[in-house]
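Here is the structure we will look at.
The values are calculated or read from the model by the stated rules, or taken from the named source; none is laboratory data. Remember, it's a predicted structure, so these values are computed and weren't measured experimentally. Neighbour counts run over all protein chains shown; Cβ positions are idealised from the backbone, glycine included. Accessible surface is based on the protein model in full, side chains and every heavy atom, while ligands, DNA and RNA are left aside. Shrake-Rupley method; radii C 1.70, N 1.55, O 1.52, S 1.80 Å.
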Amino acid sequence: MDSYKVTGIIAAPCTAFKTNGDINTDPDLMDRYIKFLQDMKITGVYTTGTNGEGPSLTVEERKAVTQLWIDRAKGKLTIIAHVGGCNQREAIELAAHAGKVGVDAFACMVPSFFKAKTEEAVVSFLEPIAAAAPTVPFYYYDINFLTGVYLNCRRVLELGKSRIPNLKGAKYSCREMPGLFDTSLVDGMQVMSGTDDQFLPILSLGVDVPIVNGYVGTIFYDLYEAYKNGDMKTARKHQERAIRLSKIREAHGGGIGSVKAIMKCFGFNLGPARLPEVTFTDAQVEALRQDLKKNEFI
């Protein structure tokens with residue numbers, strides 16, 4: 001585990017629901033979804049995070065989703081399970097389960113109601129969660145604009161290195177590029193970027209593993225190939241395309257509902273978004289579809 005590092009392009013997949021709101025465990029749907037992600041150059045999944053609506057699921061539902069990805073995708077994709085929320089004891093239980101079923105790595109965000117006020121508090125919160133699966137690589141999930149916890153990610157990793165033996169780095173989904181660069185300087189820690197529209201900036205900062213919506217995987221792949229070959233003109237073209245797709249999504253309402261609506265436009269009915277996230281109507285999906293077609297995304 002000392003040399004463990006996530007590689008490739010990681011998707012943050014949606015959790016599929018039936019129309020009644022129950023988890024949809026249809027193996028055929030899952031297998032098609034996995035094939036779609038592979039066709040999009042995706043090499044791994046970050047499950048039950050933001051897109052996976054993890055904080056809106058029960059503990060048993062989250063275990064079921066993790067098990068489903070293990071059953072259908074183990075050996076095909078790297079599987080990183082997110083276990084965080086607002087309850088440390090539940091996160092410990094989820095971490096132990098993730099380790100038991102064989103995830104490749106796991107991650108945890110901090111609570112968004114009672115908020116940590118210091119980096120020391122963050123590490124104290126994470127420490128027993130990481131220890132619940134001590135032989136599995138662990139990552140801190142920093143997404144400050146959703147948790148409301150605006151602390152120094154670099155400092156969390158620096159404090160955590162000596163106290164969390166399986167800490168391998170962070171999934172940095174904050175929008176502040178200086179913070180990403182600062183965090184990436186911590187020796188021995190890997191930083192992954194959770195953004196769909198900052199591909200070129202993160203590469204210039206030395207961060208080469210994004211965690212993205214699966215449908216943008218090929219955009220990052222093509223951008224990265226151009227970047228490695230020194231073709232900045234082509235890389236910039238793909239960067240503009242990524243930003244345009246992100247803007248289309250936001251123009252149609254954003255949120256988890258928009259992600260599931262885009263997936264519906266790609267032929268995947270992953271069910272409703274769980275409230276308070278809003279599910280798109282058929283008319284809204286069709287308007288989004290037309291916008292995606294006009295911009296040659298589908």
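Compute, for the chain, the length of the dipole vector about the Cα centre, with Cβ point charges of +1 (Lys, Arg) and -1 (Asp, Glu) only. Units Debye, rounded to 20. Before the final figure, lay out each step's value.
Values: 35 positive and 34 negative charges, 61 e Å.
Dipole size: approximately 300 debye.
Could you list which residues have their amide H under 5 Å from that of residue 17, counting only those 5 or more apart in sequence or on another chain, with H placed in the peptide plane?
24, 271
Can you pull the one-decimal nm distance between simple spin-label points at residue 118 and residue 161, each 7 Å off the Cα toward Cβ?
Inter-label distance under the simple model: 2.1 nm.
Once you have the Kirkwood Rh of segment 106-243 from its Cα pairs, apply Stokes-Einstein at 4 °C and 1.567 mPa s and quote D in µm²/s.
Values: Rh = 15.6 Å.
Value of D from the Cα-based Kirkwood radius: 83 µm²/s.
Of 86, 153, which has the most accessible area and how do the rest follow, probe 1.4 Å?
86, 153
I'd like to know which of 195, 55, 147 lies farthest towards the positive end of the charge dipole of the chain, counting +1 on Cβ of Lys and Arg and -1 on Cβ of Asp and Glu.
About the Cα centre, the residue reaching furthest to the positive side is 195.
Once you charge only the Cβ atoms, +1 for Lys and Arg and -1 for Asp and Glu, what is the size of the charge dipole of segment 62-153 about its Cα centre, to the nearest 20 debye? Before the final figure, lay out the partial values.
On the way: 9 positive and 8 negative charges, 73 e Å.
Here segment 62-153 has a charge dipole of around 340 debye.
Give me the base-10 log of I(q)/I(0) for segment 27-104 at each q in 0.11, 0.18 Å⁻¹, Debye formula, one uniform scatterer per Cα, rounded to two decimals.
After summing over all Cα pairs, the log10 values are -0.26, -0.69.
When the Cα centres of segment 1-48 and segment 164-181 are compared, how far apart do they sit, in Å?
22
Name the chymotrypsin sites (Phe, Trp or Tyr not before Pro) in segment 150-199 that are in a loop by DSSP and that have at most 11 other C-beta atoms within 10 Å, would you? Could you put the intermediate results ahead of the total?
Values: sites: 150, 172, 181, 199; in loops: 150.
Sites meeting the loop and neighbour criteria: none at all.
Find the accessible area per residue for the chain; the probe is 1.4 Å, ligands and nucleic acids are left out, and the unit is Å².
Values: 13080 Å² over 298 residues.
Counting only protein heavy atoms, the per-residue value for the chain is 44 Å².
Quick one: net charge around residue 189, please, counting Lys, Arg +1 and Asp, Glu -1 for every other residue with C-beta under 15 Å from its C-beta. Write out the running numbers ahead of the final one.
Details: positive: 5, 154, 155, 161, 163, 168, 171; negative: 2, 119, 142, 158, 182, 187, 208.
Overall, the nearby charge balance is 0.
Out of the total accessible area of the chain (probe 1.4 Å, heavy atoms of protein only), what percent is carbon and sulfur? Intermediate results must be reported in sequence, preceding the final value.
Values: 6680 of 13080 Å².
In the chain, the share of accessible area belonging to carbon and sulfur is 51 percent.
Would you calculate a helix-derived [θ] at 222 nm for the chain, using -39,500 (n - 2.57) for each DSSP H run of n ≥ 4 and dividing by the full residue count, to the nearest 500? Walk me through the intermediate numbers first.
Working: 12 runs with 137 residues, N = 298.
It comes out at -14000 deg cm²/dmol, rounded to the nearest 500.
Compare 134, 13, 210 in a GNM of the chain, Cα atoms joined below 10 Å, and give the one with the largest fluctuation.
Of 134, 13, 210, the Gaussian network model singles out 134 as fluctuating most.
What figure, in Å² to the nearest 10, do you get for the accessible area of residue 218 with a 1.4 Å probe and non-protein molecules left out?
40
Taking Cα centroids, how far is segment 56-112 from segment 203-222 in Å?
23
Treating the beta-carbon of each Lys and Arg as +1 and of each Asp and Glu as -1, no other charges, what is the dipole magnitude of segment 1-129 about its Cα centre, to the nearest 20 debye?
220
Using each residue's phi in segment 140-148, evaluate 6.51 cos²θ - 1.76 cosθ + 1.60 at θ = phi - 60° and report the 3J(HN,Hα) Karplus result to the nearest Hz, with x for Gly and Pro.
Values, residue by residue: 7, 9, 9, 9, 5, 6, 9, 6, x Hz.
Rounded to whole Hz and in sequence order, give me ³J(HN,Hα) for segment 24-30 from the Karplus expression 6.51 cos²θ - 1.76 cosθ + 1.60, θ = phi - 60°, writing x for Gly and Pro.
The phi angles translate into 8, 9, 4, x, 5, 4, 4 Hz.
In whole Hz, with x marking every Gly and Pro, tabulate ³J(HN,Hα) for segment 119-134 from phi via Karplus 6.51 cos²θ - 1.76 cosθ + 1.60, θ = phi - 60°.
Coupling constants for segment 119-134: 4, 4, 5, 4, 5, 5, 5, 6, 3, x, 5, 4, 5, 6, 9, x Hz.
Ignoring ligands, DNA and RNA, how do 215, 227 rank by accessible area with a 1.4 Å probe, largest first?
Numbers: 215 15, 227 70 Å².
If we order 215, 227 from most to least accessible, we get 227, 215.
State the Kirkwood hydrodynamic radius of segment 113-185 in Å, one decimal place, computed from all pairs of distinct Cα atoms.
Numbers: mean 1/r = 0.0806 Å⁻¹.
The answer is 12.4 Å.
Filter 63/171; 63/247; 35/63; 76/294; 35/260; 5/264 down to the pairs with a C-alpha to C-alpha distance above 25 Å, please. Spell out each step's value before the answer.
Values: 63/171 21 Å; 63/247 33 Å; 35/63 23 Å; 76/294 33 Å; 35/260 17 Å; 5/264 33 Å.
Distance filter (> 25 Å) returns 63/247; 76/294; 5/264.
Name the trypsin sites (Lys or Arg not before Pro) in segment 222-293 that are in a loop by DSSP and that have at most 15 other C-beta atoms within 10 Å, would you? Walk me through the numbers on the way to the answer.
Working: sites: 228, 233, 236, 237, 241, 244, 247, 249, 260, 264, 274, 289, 293; in loops: 274.
Sites meeting the loop and neighbour criteria: none at all.
Cβ under 10 Å from residue 280's Cβ, residue 280 left aside: what net charge do those residues give with Lys, Arg +1 and Asp, Glu -1?
Here the count lands on 0.
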